[in-house]
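S.K.: Below: one structure in structure tokens.
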Amino acid sequence: MAIHFKQRPGLVAYITCGDPTLDVSREVALAAIRAGADVIELGVPFSDPVADGPVIQRASERALQHGTNLIGVLEVAKQLRQQSNAGLIIFSYLNPILQFGLDKFCAAAAEAGVDGALVTDLPVEEAAEYLRAMKAHKLAPVFLAAPTSPEKRLRDVAKHSRGFVYAISRTGITGARQELAGDARSLVERLRVHTKLPIAVGFGVSTPEQFAEVGGFADAAVVGSAIVQRIEQNPGQEAAAVSEFLSSLTGTAQEAVGKS
Amino acid sequence: MEETTSNAQNSEANPALGKPDKQLRVRAVRGRFGSYGGRYVPETLMAALQELETAYAVARKDKAFRDEFHRLLADFAGRPTPLFLAERLTQQLGGARIYLKREDLLHTGAHKINNCIGQALLARRMGKHRIIAETGAGQHGVATATVCALFGMECVVYMGTEDMRRQELNVFRMKLLGTEVRGVDSGSRTLKDAINEAMRDWVTNVRTTHYLLGSVLGAHPYPTMVRDFHRVIGQEARKQVLKAEGRLPSAVIACVGGGSNAIGVFYEFIKDREVRLIGVEAGGRGHSLGEHAARFDGGGPGVLQGTYSYVLQDLAGQIALTHSVSAGLDYPAIGPEHAWLHDQGRAEYVSASDQEALDACLRLARMEGIIPALESAHAIAECIKRAPKMDKSDIVIVNVSGRGDKDIGILRENVAF
């Protein structure tokens with residue numbers, strides 16, 4: 001299992017694959033790994049991303065305009081695996097995976113060297129077949145825990161997750177926020193009771209201060225929209241822009257930890 | 001509103017998902033119709049859906065809730081609606097006797113008010129005072145705005161900007177009723193995109209907000225609950241036709257977008273195996289993907305916006321764009337119970353083109369003095385095709401789900417005198 005967080009907080013970096021091209025996505029992912037990312041979430045663009053804010057919606061539209069599909073995303077994963085030991089997670093809505101075929105997807109992902117998957121609109125209750133297929137191919141299913149999840153749901157999410165558990169910092173869609181909600185800390189505390197797995201906090205982490213803050217109560221931070229925004233704003237220099245941004249996060253975090 | 005077991009049997013297992021768990025086949029406990037339905041939403045919404053499911057399960061057994069629901073259906077919405085024998089149309093077509101179920105006569109002009117009253121009562125029980133909704137044609141938006149005004153609730157309606165253009169009268173009606181209409185500019189700027197945006201709002205404000213979904217779509221419990229609130233259509237129609245004719249109809253015809261008016265009028269007849277149930281999808285302006293909204297003619301099983309059903313999509317699972325002259329049918333997925341009825345062969349689904357619907361609209365206006373909504377005109381179009389081939393002893397019920405006032409702008413653009 002290549003999901004391992006070297007430092008605290010660990011860094012999970014999300015990119016929407018195919019935005020603007022699969023080649024650029026691969027270069028951005030490599031740059032993110034060099035800047036300290038422990039896990040790369042390879043986002044599969046979807047036409048109807050109900051859980052995502054405007055930044056990732058736009059990235060998905062750009063990626064779909066030139067036909068990015070799951071096969072292309074798995075190809076990026078394969079190339080990354082040849083060059084890196086970082087954790088690789090496929091991040092998708094259910095329908096693209098369903099149409100590809102659950103078992104076929106798991107087989108292809110394992111073949112490509114992927115470590116796990118997170119399916120945004122697949123809650124644990126509906127995941128029986130998915131879990132069987134993931135297990136058969138030794139892949140880690142990562143589930144989301146939300147501030148609105150009651151104890152029983154947190155227990156189920158923790159029980160079925162492998163690799164790490166993704167704690168959503170607040171109710172809402174993906175996207176950068178000024179402040180992390182107080183929800184995040186209490187969710188991690190509630191979740192901790194049910195699992196020894198690393199807990200990664202996502203949704204809204206975009207500044208060095210927030211990154212360091214997450215390190216105070218969770219194992220890792222997920223950075224998504226802030227990365228995708230830099231890709232959008234720096235055409236032709238995506239990898240360099242993401243690298244600079246992520247270095248500023250991880251550098252600050254180490255400093256903050258050092259001081260405490 | 002009692003649960004029935006008619007959706008209890010298993011249908012073909014989805015090869016991708018594998019065979020559904022045994023317990024899923026027993027009853028629609030978790031909102032399954034065969035293998036269709038379910039609850040495919042982000043984790044943040046799961047607790048709210050469970051809360052809604054529980055609240056609804058309690059409410060439907062509560063006599064006070066049912067009494068209040070039926071009182072408002074009668075006194076506020078104007079139920080029962082008549083079952084009207086369309087004599088001139090019958091005579092002209094020369095076949096089956098045609099009855100029109102007049103949902104167009106309801107307050108706000110369409111069947112949608114039934115469900116809105118039910119869900120608003122439920123939201124009030126749950127202590128949620130902010131209501132959000134999506135709308136396509138604007139009929140559900142207007143009905144939602146109306147019940148929110150009635151109950152003194154804050155209301156936000158999401159509507160694609162393309163639909164706002166097509167249905168500007170309804171946009172204004174919602175504003176008059178004190179509702180905030182938020183235009184949605186993503187995707188095809190129609191119903192699907194309005195639902196996406198409403199779901200994003202709900203994910204964000206789930207603790208204080210009830211999402212008043214307008215069709216038999218989305219995650220459990222919506223398809224079951226919305227169907228239950230519309231069952232009254234078929235209950236009335238069945239009684240009315242028995243009273244008028246002393247026997248059941250040969251066929252019941254309804255248009256199908258998400259499928260709420262259709263399931264409402266079909267449901268009471270499902271057990272009457274001799275009654276053919278015919279759903280009419282939007283055939284749009286052509287057969288290729290993107291030109292129509294006929295999910296059973298080019299779609300396949302998939303997950304969209306919380307439910308597993310027939311979806312118009314490409315091979316990679318990306319949801320297709322759709323087209324229909326009627327905004328209310330312009331949607332790439334169909335309610336999961338219709339998917340099940342389709343696979344079981346209990347209901348049949350056909351389509352009517354934009355032009356056929358426009359022609360049918362004009363014909364009903366001229367023959368019977370009723371201008372139907374363009375959605376309902378699709379059902380009329382199928383009746384016009386089918387009735388002449390039927391025997392004079394046959395009876396057909398067509399659900400006129402809404403009235404056509406909202407479509408005057410589109411009719412003006414498309415009908416030449």
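The values are calculated or read from the model by the stated rules, or taken from the named source; none is laboratory data. Keep in mind that what you see is a predicted model, and the values were worked out from it rather than measured. A quick note on method: Cβ atoms are made from the backbone with ideal geometry, for glycine too, and the neighbour counts reach across all protein chains shown.
S.K.: Got a number for residues in segment B:366-405 being in a helix (DSSP H, G or I) and over 17 Å from the mean Cα position of the chain (by Cα)?
M.R.: To start, the set of residues in segment B:366-405 that are in a helix (DSSP H, G or I) comprises B:366-368, B:374-389, B:405.
From what's left, over 17 Å from the mean Cα position of the chain (by Cα): B:366-368, B:381-389, B:405.
So the count comes out to 13.
S.K.: Looking only at helices (runs of 4 or more DSSP H) that fall completely inside segment A:141-225, which ones have 2 or more residues that are over 16 Å from the mean Cα position of the chain (by Cα) and facing chain B (nearest Cβ under 10 Å)?
M.R.: Correct list: A:151-160.
S.K.: Provide a single number: the residues in segment A:32-49 that are under 16 Å from the mean Cα position of the chain (by Cα) and either part of a helix (DSSP H, G or I) or within 11 Å of chain B (Cβ to nearest Cβ) (or both).
M.R.: Result for segment A:32-49: 6.
S.K.: Restricting attention to segment A:58-82, report how many residues are within 12 Å of chain B (Cβ to nearest Cβ) and assigned to a helix (DSSP H, G or I).
M.R.: So the count comes out to 10.
S.K.: OK, next. Given the conditions (1) more than 10 Å from chain A (Cβ to nearest Cβ); (2) under 17 Å from B:Glu154 (Cα atoms); (3) in a helix (DSSP H, G or I), report the number of the one that B:Asp228 does not fulfil.
M.R.: (2)
S.K.: So, in segment B:182-210, of the ones that are at the interface with chain A (Cβ under 9 Å from one of its Cβ atoms) and among the polar types (S, T, N, Q), which residue ends up farthest from A:Ala145 (Cα to Cα)?
M.R.: Taking the candidates together, the pick is B:Ser186.
S.K.: Criterion first (at pLDDT 95 or above, buried (at least 21 other Cβ atoms within 10 Å of the Cβ) and charged (D, E, K, R)) does B:Arg346 satisfy it? Lay out the reasoning, then the answer.
M.R.: Numbers: at pLDDT 95 or above: yes; buried (at least 21 other Cβ atoms within 10 Å of the Cβ): no; charged (D, E, K, R): yes.
No, not satisfied.
S.K.: Further, regarding this structure: Does B:Ala8 qualify as being modelled with pLDDT under 95, touching a Gly at 6+ places or on another chain (Cβ under 7 Å) and in a loop (DSSP other than H, G, I, E, B)?
M.R.: Details: modelled with pLDDT under 95: yes; touching a Gly at 6+ places or on another chain (Cβ under 7 Å): no; in a loop (DSSP other than H, G, I, E, B): yes.
Spelling it out, it is not the case that B:Ala8 is modelled with pLDDT under 95, touching a Gly at 6+ places or on another chain (Cβ under 7 Å) and in a loop (DSSP other than H, G, I, E, B).
S.K.: Also: Taking B:Thr54, is it more than 20 Å from the chain's Cα centre (by Cα), of a type outside the set (A, V, I, L, M), within 19 Å of B:Thr208 (Cβ to Cβ) and assigned to a helix (DSSP H, G or I)?
M.R.: Numbers: more than 20 Å from the chain's Cα centre (by Cα): yes; of a type outside the set (A, V, I, L, M): yes; within 19 Å of B:Thr208 (Cβ to Cβ): yes; assigned to a helix (DSSP H, G or I): yes.
Yes; evaluated as a whole, the condition is true for this residue.
S.K.: Considering only residues of segment B:35-92 that are touching a residue at least 60 places away in the same chain (Cβ under 8 Å) and of a type in the set (S, T, N, Q), which is nearest to the other protein chains (Cβ to nearest Cβ)?
M.R.: Here the residue is B:Thr44.
This table checks each residue for (1) β-branched (Val, Ile, Thr); (2) in contact with a Pro (Cβ under 6 Å, 6 or more places away or on another chain); (3) surrounded by fewer than 19 Cβ atoms within 10 Å (Cβ to Cβ).
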position: A:Glu27; (1), (2), (3): no, no, yes
position: A:Ala32; (1), (2), (3): no, no, no
position: A:Gly72; (1), (2), (3): no, no, no
position: A:Ile97; (1), (2), (3): yes, no, no
position: A:Ala107; (1), (2), (3): no, no, yes
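S.K.: What pairs come up if the first residue lies in segment B:365-379 and is farther than 13 Å from B:Ser324 by Cα, the second is part of a helix (DSSP H, G or I) and basic (Lys, Arg), and their beta carbons are under 6 Å apart, counting only those six or more places apart or on different chains?
M.R.: Within 6 Å, the pairs are B:Met367/B:Arg88.
S.K.: Go over the candidates B:Gly345, B:Gly317, B:Gly335 one by one and state the one that is within 12 Å of chain A (Cβ to nearest Cβ) and farther than 30 Å from B:Glu413 by Cα. Steps first, answer last, please.
M.R.: On the way: B:Gly345 fails: within 12 Å of chain A (Cβ to nearest Cβ); B:Gly335 fails: within 12 Å of chain A (Cβ to nearest Cβ).
Among B:Gly345, B:Gly317, B:Gly335, only B:Gly317 is within 12 Å of chain A (Cβ to nearest Cβ) and farther than 30 Å from B:Glu413 by Cα.
S.K.: A follow-up question, please. Go through segment A:126-140 and give me each residue that's facing chain B (nearest Cβ under 7 Å) and among the hydrophobic types (A, V, I, L, M, F, W, C).
M.R.: Within segment A:126-140, the first condition is being facing chain B (nearest Cβ under 7 Å), and the residues that meet it are A:126, A:128-129.
A:Ala128 - this is the single residue of segment A:126-140 that is facing chain B (nearest Cβ under 7 Å) and among the hydrophobic types (A, V, I, L, M, F, W, C).
S.K.: Here's another thing I want to ask about it. With respect to A:Phe100, determine if the residue is of a type in the set (Phe, Trp, Tyr), more than 12 Å from every other protein chain (Cβ to nearest Cβ) and at negative phi. Can you show your working first?
M.R.: Details: of a type in the set (Phe, Trp, Tyr): yes; more than 12 Å from every other protein chain (Cβ to nearest Cβ): no; at negative phi: yes.
No; evaluated as a whole, the condition is false for this residue.
S.K.: Do you know which residues across segment B:361-417 are at pLDDT below 95 and either within 18 Å of B:Leu106 (Cα to Cα) or loosely packed, with under 14 Cβ neighbours inside 10 Å (or both)?
M.R.: Those that are at pLDDT below 95 and either within 18 Å of B:Leu106 (Cα to Cα) or loosely packed, with under 14 Cβ neighbours inside 10 Å (or both): B:Asp405, B:Lys406, B:Asp407, B:Ile408, B:Gly409, B:Arg412, B:Glu413, B:Val415, B:Ala416, B:Phe417.
S.K.: Name every residue in segment B:296-322 that is touching a residue at least 40 places away in the same chain (Cβ under 8 Å) and in a loop (DSSP other than H, G, I, E, B), in order of residue number.
M.R.: B:Phe296, B:Asp297, B:Gln305, B:Leu321, B:Thr322
S.K.: Could you run through segment B:313-333 and say how many residues are over 21 Å from A:Ala51 (Cα atoms) and buried (at least 21 other Cβ atoms within 10 Å of the Cβ)?
M.R.: So the count comes out to 8.
S.K.: Determine which single condition B:Asp330 fails, assuming it passes every other condition in (1) at the interface with chain A (Cβ under 9 Å from one of its Cβ atoms); (2) under 24 Å from B:Phe266 (Cα atoms).
M.R.: The one condition B:Asp330 does not meet is (1).
S.K.: Quick test for you: out of A:Leu144, A:Leu131, pick the one residue that is buried (at least 18 other Cβ atoms within 10 Å of the Cβ) and either in contact with a Pro (Cβ under 6 Å, 6 or more places away or on another chain) or in contact (Cβ under 8 Å) with a residue 24 or more places away in the chain (or both).
M.R.: Unique residue meeting the criteria: A:Leu144.
S.K.: Suppose the filter is in contact with an Asp or Glu (Cβ under 6 Å, 6 or more places away or on another chain) and among the aliphatic types (A, V, I, L, M); does B:Leu329 pass it? Before the answer, list the steps.
M.R.: Values: in contact with an Asp or Glu (Cβ under 6 Å, 6 or more places away or on another chain): yes; among the aliphatic types (A, V, I, L, M): yes.
Judged against the criteria, B:Leu329 is a match.
S.K.: Next question, about the same structure. A:Ile40 versus (1) surrounded by fewer than 24 Cβ atoms within 10 Å (Cβ to Cβ); (2) under 25 Å from A:Ser247 (Cβ atoms): which is the lone unmet condition?
M.R.: Failing condition for A:Ile40: (1).
Each row is one residue, and each column tells you yes or no for (1) closer than 14 Å to A:Val44 by Cβ; (2) over 19 Å from the mean Cα position of the chain (by Cα); (3) not polar (S, T, N, Q).
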position	(1), (2), (3)
A:Ile89	yes, no, yes
A:Ser92	yes, no, no
A:Pro96	yes, no, yes
A:Lys104	no, yes, yes
A:Ala112	yes, no, yes
A:Val124	no, no, yes
A:Glu129	no, yes, yes
A:Ala136	no, yes, yes
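S.K.: Let me ask you something else. Looking only at segment A:109-125, count every residue that is modelled with pLDDT of 95 or more, part of a helix (DSSP H, G or I) and either surrounded by 24 or more Cβ atoms within 10 Å (Cβ to Cβ) or within 12 Å of chain B (Cβ to nearest Cβ) (or both) and tell me the total.
M.R.: Taking segment A:109-125 and keeping what is modelled with pLDDT of 95 or more, we get A:109-124.
Filter once more, keeping what is part of a helix (DSSP H, G or I): A:109-112, A:124.
In the following step, the residues that additionally are either surrounded by 24 or more Cβ atoms within 10 Å (Cβ to Cβ) or within 12 Å of chain B (Cβ to nearest Cβ) (or both) were identified as A:109, A:124.
Summing the residues that are modelled with pLDDT of 95 or more, part of a helix (DSSP H, G or I) and either surrounded by 24 or more Cβ atoms within 10 Å (Cβ to Cβ) or within 12 Å of chain B (Cβ to nearest Cβ) (or both) in segment A:109-125 gives 2.
S.K.: Could you please find all residues in segment B:190-233 being in contact with a strand residue (DSSP E or B) (Cβ under 7 Å, 6 or more places away or on another chain) and acidic (Asp, Glu)?
M.R.: Within segment B:190-233, B:Asp193, B:Glu197, B:Asp201 qualify.
S.K.: Checking B:Gln235 against (1) touching an Asp or Glu at 6+ places or on another chain (Cβ under 8 Å); (2) surrounded by fewer than 24 Cβ atoms within 10 Å (Cβ to Cβ); (3) within 14 Å of chain A (Cβ to nearest Cβ), only one condition comes out false. Which one?
M.R.: Of everything listed in (1) touching an Asp or Glu at 6+ places or on another chain (Cβ under 8 Å); (2) surrounded by fewer than 24 Cβ atoms within 10 Å (Cβ to Cβ); (3) within 14 Å of chain A (Cβ to nearest Cβ), B:Gln235 misses just condition (3).
S.K.: So in segment A:197-220, with the set limited to residues that are among the charged types (D, E, K, R) and at pLDDT below 95, which one is nearest to A:Pro54 (Cα to Cα)?
M.R.: Just the residues of segment A:197-220 that are among the charged types (D, E, K, R), to begin with: A:209, A:213, A:219.
Filter once more, keeping what is at pLDDT below 95: A:209, A:213.
On the way: A:Glu209: 23, A:Glu213: 25 Å.
Taking the candidates together, the pick is A:Glu209.
S.K.: Taking segment B:323-354, which residues are under 30 Å from B:Ile408 (Cβ atoms), in a loop (DSSP other than H, G, I, E, B) and of a type outside the set (D, E, K, R)? Walk me through it before giving the result.
M.R.: We begin by selecting, within segment B:323-354, every residue under 30 Å from B:Ile408 (Cβ atoms); these are B:323-335, B:338, B:349-354.
Remaining after also requiring in a loop (DSSP other than H, G, I, E, B): B:323-326, B:330-332, B:334-335.
B:His323, B:Ser324, B:Val325, B:Ser326, B:Tyr331, B:Pro332, B:Ile334, B:Gly335 - these are the residues of segment B:323-354 that are under 30 Å from B:Ile408 (Cβ atoms), in a loop (DSSP other than H, G, I, E, B) and of a type outside the set (D, E, K, R).
S.K.: Within segment B:261-269, does at least one residue satisfy the condition of being part of a loop (DSSP other than H, G, I, E, B) and of a type in the set (S, T, N, Q)?
M.R.: The initial filter retains those residues of segment B:261-269 that are part of a loop (DSSP other than H, G, I, E, B), namely none.
No, segment B:261-269 contains no residue that is part of a loop (DSSP other than H, G, I, E, B) and of a type in the set (S, T, N, Q).
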